[in-house]
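Have a look at the structure below before the remarks.
The values are calculated or read from the model by the stated rules, or taken from the named source; none is laboratory data. Since we're looking at a predicted model, the values are computed, not measured. So basically every Cβ, Gly included, is an ideal-geometry build from the backbone, and we count neighbours across all protein chains shown.
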Amino acid sequence: MNENLQAFLDKMNSDAEFRAHFEGAEMPEARAQLLSDAGLELSAEEAAAAWAGRELSDEELDQAAGGGAGIIRYPPSP
């Protein structure tokens, strides 16, 4: 993996404030500025694709799976 992409993923995983700003930025220009300010040399598109294509942590998988709490069965089991 490209060193810049790895540095970006490391920052996203370790810096909650940076991650919140990056995910909250709707315009590519805003994301590009965040990347530049953090000293990361990659485009907003490359960063977004890397973040979207990353492997999820065990915690993120548990949250996504929801433990079956959202399953509704019709008709309800007796």
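Key figures for this structure:
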{"read-out": "Count of segment 24-39 residues which are in contact (Cβ under 8 Å) with a residue 24 or more places away in the chain and exposed (fewer than 13 other Cβ atoms within 10 Å of the Cβ)", "value": "0"}
{"read-out": "Those residues of segment 27-78 which are at pLDDT 85 or above and not aliphatic (A, V, I, L, M), in sequence order", "value": "Pro28, Glu29, Arg31, Gln33, Ser36, Asp37, Gly39, Glu41, Ser43, Glu45, Glu46, Trp51"}
{"read-out": "Selection from segment 29-43 of residues that are part of a helix (DSSP H, G or I) and under 13 Å from Phe8 (Cβ atoms)", "value": "Arg31, Ala32, Leu34, Leu35, Ser36, Asp37"}
